[in-house]
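The values are calculated or read from the model by the stated rules, or taken from the named source; none is laboratory data. These numbers were taken from a predicted model, which means no experiment stands behind them. With ideal geometry, Cβ positions are generated from the backbone for all residues, glycine too; neighbour counts draw on all protein chains shown.
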């Protein structure tokens, strides 16, 4: 027993000693006079030849499938940037780590990675990015690809890829009134997951409904609820004229399937993460094709704008048999956002984590060739970079199952306030 | 009134399906003394088999394979892991089952990905109407199948040698063993039965009004745990009644959430546990559980 204790102590002290040695390469920081990006100040993650960027994603947890799509597209994106000469005369090195949707693991991965990267391309997932955001803020490190929860607008270092869930839903209410014929006094059901996604969606819908003189019937669900019969019956009983959904594809399929079977012929509008193309093959397919809309920051896969087209083309090259969905243009767009910020830092002569954040915050009119509905403005921390969304409908013939109907910014989405 | 009846019918049919799962928990517990926390992933494995096989071999053949597969999976878990632990602390076995659940669930999640795989059941999204109440055909059928299965279980346990042997083994393993009953067989039979019931429940839980097989289907087994506990850990009848109580209470709480707003939103989510706590306060061994011999 004593022997074992001693072994454990020995192993522990060795680990500690090793850990103490593994910090940043002292030569990495300092002033660089290498070729390419001449005379730029460099910091963590930057050498004469390479710029390291990190991606903390979920390759083993609940979002593994969608995450794999994003990893493939992101890797392809940076390979192409490197083939075109890189940034600041350096190649971009993407380091992908799996947090398995575990906030604790995400934090320790961030700790071990933060000295080797200039920025975080993505921290996938609400709870995981919520855990990493404040730490990245302390380190002054850029963090992108964290979804669309309004909470990101509290962080200077966070680059939200488009507008928030709340603005998506405020737009959904405006769209129901202005384009789909709902009247003052009508009721709208909001079916949502509690948390930084669904609750944000509800907040936007409630604000917009109050502005437009409608009433919200909130229905709280959890990811475990895949049979929404009772919830739909309650919505039918309340007499709603439209439904907004802040949940996941399994809930959308049940909601639409039950509504269809009850003959509830009313529009359903979902936030970005609610749709997946495989839903069109389920019993909910006909109802979705008839009544489903989605309000998204990012263009759907099938959009014919040059940005999403480039994303789709790249994806077909890197993952010919991959699943098609909104993850593809999103991953491409997140690559574009970070590239713009790193290029800005290079031009300003500060190729450091702080330099990337500063460059991102100086971006006031970023053109994305239709990846987002409007140019993006990141100069105000507490404001989303745009309030315009793509409105798309389910379409069996469109790759990825969604086809763009319009871009849209309603009056309540425009006036929604972030505290 | 018809709204109330509709919600009641929803709750009853869902409760009967929960009962199928809860009975599986009871059978495994009485047959081998294991709290089977891997039940949810066995359920998902059965439903997954059906969903991936049905496009090629048709729904009925796929259902047969899925049910047999889940039964076999149960027998395998029992043969490889549980039997070797027979004399160990039941707590160890429960934790082991949690481990098995995580392993199975991770692999199934990887296979399913972000798809929702349709179950392809022939009754699709049809509904049946009676007395002004409209219920999805799949749910009506689920209720019917559950009732038939419960009757079959009663027959098995009351009238067949295997069933009597299983009950004897559950009541007192050592004595049963001395009487010539092979505990390894009754254990395997229990796990097979539980696996098959779970797969049947899984087929209904993943058919309309649910969209198809997604990893979340495995979580349904957790909804059956309060049913199992409030019925009494070791009572098949208790599990069925527990399922009905939980199903109806949940459906009513969700259906009347607007009226129950003082209790906050999302009340339906906690109702099963609330009911369980209330029942256990009054009857610590559950509704039908066998009482502890010694109580001080």
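Structure data summary
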quantity	calculated
Answer residue from segment B:112-122, given it is at the interface with another protein chain (Cβ under 7 Å from one of its Cβ atoms) and in contact (Cβ under 8 Å) with a residue 60 or more places away in the chain and is farthest from the chain's Cα centre (by Cα) among those	B:115
Options B:119, B:97: the member that is at pLDDT 85 or above and assigned to a loop (DSSP other than H, G, I, E, B)	B:119
Subset tally (residues that are in contact with a strand residue (DSSP E or B) (Cβ under 7 Å, 6 or more places away or on another chain) and either closer than 24 Å to residue B:134 by Cβ or not in a strand (DSSP E or B) (or both)) for segment A:263-281	8
Residue within segment A:91-101 that is within 25 Å of residue A:347 (Cα to Cα), more than 24 Å from the chain's Cα centre (by Cα) and either surrounded by 16 or more Cβ atoms within 10 Å (Cβ to Cβ) or modelled with pLDDT of 95 or more (or both) present	yes
Those residues of segment A:265-277 which are under 28 Å from residue A:195 (Cα atoms), without any contact (Cβ under 8 Å) to a residue 60 or more places away in the chain and surrounded by fewer than 24 Cβ atoms within 10 Å (Cβ to Cβ), in sequence order	A:266
Qualifying residue in segment B:227-237 (condition: more than 14 Å from every other protein chain (Cβ to nearest Cβ), modelled with pLDDT of 90 or more and within 30 Å of residue B:125 (Cβ to Cβ))	yes
All positions within segment B:1-36 that are surrounded by fewer than 24 Cβ atoms within 10 Å (Cβ to Cβ) and either within 11 Å of the chain's Cα centre (by Cα) or under 19 Å from residue B:166 (Cβ atoms) (or both)	B:29, B:30, B:33, B:35
Residue match in segment B:80-101 (condition: within 14 Å of chain A (Cβ to nearest Cβ) and either out of contact with any strand residue (DSSP E or B) (no Cβ under 6 Å at 6 or more places or on another chain) or without any contact (Cβ under 8 Å) to a residue 12 or more places away in the chain (or both))	no
Test: residue in segment A:342-364 that is farther than 24 Å from residue A:42 by Cβ and not in a helix (DSSP H, G or I)	yes
Number of positions in segment B:247-266 that are surrounded by fewer than 22 Cβ atoms within 10 Å (Cβ to Cβ) and at pLDDT below 75	9
Out of B:68, B:63, sole residue that is within 17 Å of residue B:42 (Cβ to Cβ), within 21 Å of the chain's Cα centre (by Cα), surrounded by fewer than 20 Cβ atoms within 10 Å (Cβ to Cβ) and modelled with pLDDT of 90 or more	B:68
Residue within segment B:235-257 that is in contact with a helix residue (DSSP H, G or I) (Cβ under 9 Å, 6 or more places away or on another chain), more than 30 Å from residue B:64 (Cβ to Cβ) and not in a helix (DSSP H, G or I) present	yes
Number of positions in segment A:222-238 that are more than 8 Å from chain B (Cβ to nearest Cβ) and touching a strand residue (DSSP E or B) at 6+ places or on another chain (Cβ under 6 Å)	1
Segment A:112-158, residues that are outside any loop (DSSP other than H, G, I, E, B), within 15 Å of residue A:334 (Cα to Cα) and touching a helix residue (DSSP H, G or I) at 6+ places or on another chain (Cβ under 6 Å)	A:119, A:121, A:123, A:142, A:143, A:144, A:158
Condition met for residue A:287 (part of a loop (DSSP other than H, G, I, E, B), in contact with a helix residue (DSSP H, G or I) (Cβ under 7 Å, 6 or more places away or on another chain) and closer than 30 Å to residue B:129 by Cβ)	no
Counted residues, segment A:257-289 - those being within 13 Å of chain B (Cβ to nearest Cβ) and farther than 23 Å from residue A:386 by Cβ	21
Hits in segment A:325-356 (condition: crowded, with 24+ Cβ neighbours inside 10 Å and over 20 Å from residue A:81 (Cβ atoms))	A:325, A:326
Residue pairs meeting the criteria (Cβ under 9 Å; at least 6 apart or on separate chains; first closer than 12 Å to residue B:256 by Cβ and more than 8 Å from every other protein chain (Cβ to nearest Cβ), in segment B:6-17; second surrounded by 24 or more Cβ atoms within 10 Å (Cβ to Cβ) and at pLDDT 90 or above)	none
Flag if residue B:125 is within 14 Å of chain A (Cβ to nearest Cβ), in contact with a strand residue (DSSP E or B) (Cβ under 6 Å, 6 or more places away or on another chain) and either assigned to a helix (DSSP H, G or I) or buried (at least 20 other Cβ atoms within 10 Å of the Cβ) (or both)	no
Residue B:133 surrounded by 14 or more Cβ atoms within 10 Å (Cβ to Cβ) and more than 30 Å from residue A:68 (Cα to Cα)	yes
In segment B:161-182, residue modelled with the lowest pLDDT [restricted to those that are under 19 Å from residue B:79 (Cα atoms) and under 22 Å from the mean Cα position of the chain (by Cα)]	B:170
Residues of segment A:290-313 satisfying the condition of being over 17 Å from residue A:170 (Cα atoms) and either within 14 Å of chain B (Cβ to nearest Cβ) or touching a helix residue (DSSP H, G or I) at 6+ places or on another chain (Cβ under 9 Å) (or both)	A:290, A:291, A:299, A:300, A:301, A:302, A:303, A:307, A:308, A:310, A:311, A:312
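Rundown of residues vs (1) over 15 Å from residue A:160 (Cβ atoms); (2) in contact with a helix residue (DSSP H, G or I) (Cβ under 6 Å, 6 or more places away or on another chain); (3) outside the structural domain of residue A:252 (by TED's automatic domain parsing); (4) modelled with pLDDT of 95 or more, yes/no style:
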| site | (1), (2), (3), (4) |
| --- | --- |
| A:324 | yes, yes, yes, no |
| A:362 | yes, no, yes, no |
| A:369 | yes, yes, yes, no |
| A:401 | yes, yes, no, no |
